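Everything on this sheet refers to the single structure shown next.
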């Protein structure tokens, strides 16, 4: 064989190997929502399960895996998205709150995937100002984006589409999947919905149905916060006191305001406002689920289903009346915990449930591992691939770290950090507006899953508190947490909006 023929044979062999490698590496369809509470997904059970609201999302869990202990590192929108892209906590990626800028030039998983032969796309809400990097194609909502007739930004400029944002995001994602991607490469498609973010504006086709529905109340809707510290009392995110007429659509539905005016007690008003809130929130969820079905149908019809892993999550959890609240931010369970479900035919065992402690710092590493791409040493999470296959590594973590920074800010949730283990949760509130600059809470999640009473001052838990404080410091050291000064407002009350 001549040298020329040998070189030609070698080239063809390497090209064939690369092609076979591309075929075996899965496509990744990542579907992401904003403020979708895990308790609003049927597969998670709970008081809303009987409504049968999310058949398409439930099908992902039925055909794959439901994660029951997936958490976030900072329960607020933009920082959660920065963590999604970087695999790092807020103090490492620089996005502490919704107001900080984000350095797009830093290492992000999609840049590594693209360099390793994946076709990458980001479509929908990212909430990180600036030009996206590392995506072959991106089409995103500016900032929070609009529910109706949304504007999208691309490399070429801005385009406005008529319709509801949940439908339009799906339309644009399907357009890319069908017409714009390189079919010779595996793809990583990130499809991010605005819904069900406040102010919960559903598509018209869902309004009538949901506004005639009544939803079960959580046991803690009328919580008085006894047994908790000053931080739980001092927040400004109660349905009763802080959910206003714009949230409840008084202009469109004056009968809602009239009903509230007839209420004779605070408890009655809270219950009425809860129903109005849930009617709009759940109608937004119905739109998401319907559009998830459109994406799943395309994978099946196109023959892509067998070699595509579908993953669904949200940027954090959300309060659906628990403790009388809406919104997120706290390390209490409903906002700290986020949904995560995934299916991958032939790989993820159907109907499986994972109860390991996982966190959104793990997502970027998982995408890289799925794509057979080296995970950088400075990423702070772990790949979930072994867990997806039903195998928990012997050295899997036994605790998670959390840190919330946006104070002063909307809803007046104080800065806090904490550690959670399989059974216990220790939270440290701190800053100029906290009694003695520091306040601790301890919850025994086995005895008190609704987190109604802190056991921090209970002498029976003294030894445990000491151990958890050591664990908290160990995690701070492990993740190289640095203390970031808290700025006291120069005017107005703590928690007021800064100019």
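The values are calculated or read from the model by the stated rules, or taken from the named source; none is laboratory data. All figures in this text were calculated on a predicted structure; none of them were measured in a lab. We place every Cβ from the backbone using ideal geometry, glycine too, and count neighbours over all the protein chains shown.
Only one of the numbered conditions (1) more than 21 Å from residue 32 (Cβ to Cβ); (2) touching a strand residue (DSSP E or B) at 6+ places or on another chain (Cβ under 8 Å) is not met by residue 322, and that is (2).
Does residue 175 satisfy the condition of being in the same structural domain as residue 361 (by TED's automatic domain parsing), closer than 26 Å to residue 36 by Cα, more than 23 Å from the chain's Cα centre (by Cα) and part of a helix (DSSP H, G or I)? Taking the combined requirement at face value, the residue satisfies it. Exactly one residue out of 87, 64, 105 is in the same structural domain as residue 344 (by TED's automatic domain parsing), over 19 Å from residue 34 (Cβ atoms) and under 14 Å from the mean Cα position of the chain (by Cα), and it is 87. Of all residues in the stretch 178-201, exactly one satisfies the criterion of being free of Cβ contacts under 8 Å to residues at least 12 places away in the same chain and part of a helix (DSSP H, G or I), namely 179. The set of residues in the stretch 302-324 being under 30 Å from residue 440 (Cα atoms) and in contact with a helix residue (DSSP H, G or I) (Cβ under 7 Å, 6 or more places away or on another chain) consists of 315, 316, 317, 318, 319, 320, 321, 322, 324. Residues of the stretch 261-271 that are over 16 Å from residue 319 (Cα atoms) and buried (at least 16 other Cβ atoms within 10 Å of the Cβ): 269 alone.
Kindly check whether there is at least one residue in the stretch 147-159 that is in contact with a strand residue (DSSP E or B) (Cβ under 9 Å, 6 or more places away or on another chain), surrounded by fewer than 19 Cβ atoms within 10 Å (Cβ to Cβ), in the same structural domain as residue 374 (by TED's automatic domain parsing) and outside any strand (DSSP E or B). Yes: one or more hits.
Within the stretch 376-396, the set of residues being touching a residue at least 24 places away in the same chain (Cβ under 8 Å) and either farther than 23 Å from residue 346 by Cα or surrounded by fewer than 20 Cβ atoms within 10 Å (Cβ to Cβ) (or both) comprises 376, 378, 379, 380, 381, 389, 390, 392, 396. Scanning the stretch 221-242 for residues that are part of a helix (DSSP H, G or I) and without any contact (Cβ under 8 Å) to a residue 12 or more places away in the chain, we see that the one that is surrounded by the fewest Cβ atoms within 10 Å (Cβ to Cβ) is 233.
Look at (1) buried (at least 20 other Cβ atoms within 10 Å of the Cβ); (2) assigned by TED's automatic domain parsing to the domain that holds residue 319 and you find that residue 373 fails only one, number (1). Taking the stretch 69-91 as the search range and keeping residues that are under 22 Å from residue 398 (Cα atoms) and out of contact with any strand residue (DSSP E or B) (no Cβ under 9 Å at 6 or more places or on another chain), which one is surrounded by the most Cβ atoms within 10 Å (Cβ to Cβ)? My answer is 87.
Scanning the stretch 431-466 for residues that are within 17 Å of residue 332 (Cβ to Cβ) and outside any loop (DSSP other than H, G, I, E, B) returns 439, 440, 441, 442, 443, 444.
Checking the structure you have, find out if any residue of the stretch 280-300 is more than 29 Å from residue 82 (Cα to Cα) and without any contact (Cβ under 8 Å) to a residue 24 or more places away in the chain. The answer is yes; a qualifying residue exists.
Entry remark, the stretch 44-63: residues being in contact with a strand residue (DSSP E or B) (Cβ under 9 Å, 6 or more places away or on another chain) and within 21 Å of residue 219 (Cβ to Cβ) number 1 in total. Just one of (1) surrounded by fewer than 20 Cβ atoms within 10 Å (Cβ to Cβ); (2) touching a strand residue (DSSP E or B) at 6+ places or on another chain (Cβ under 6 Å); (3) more than 24 Å from residue 164 (Cα to Cα) fails for residue 66. It is (1).
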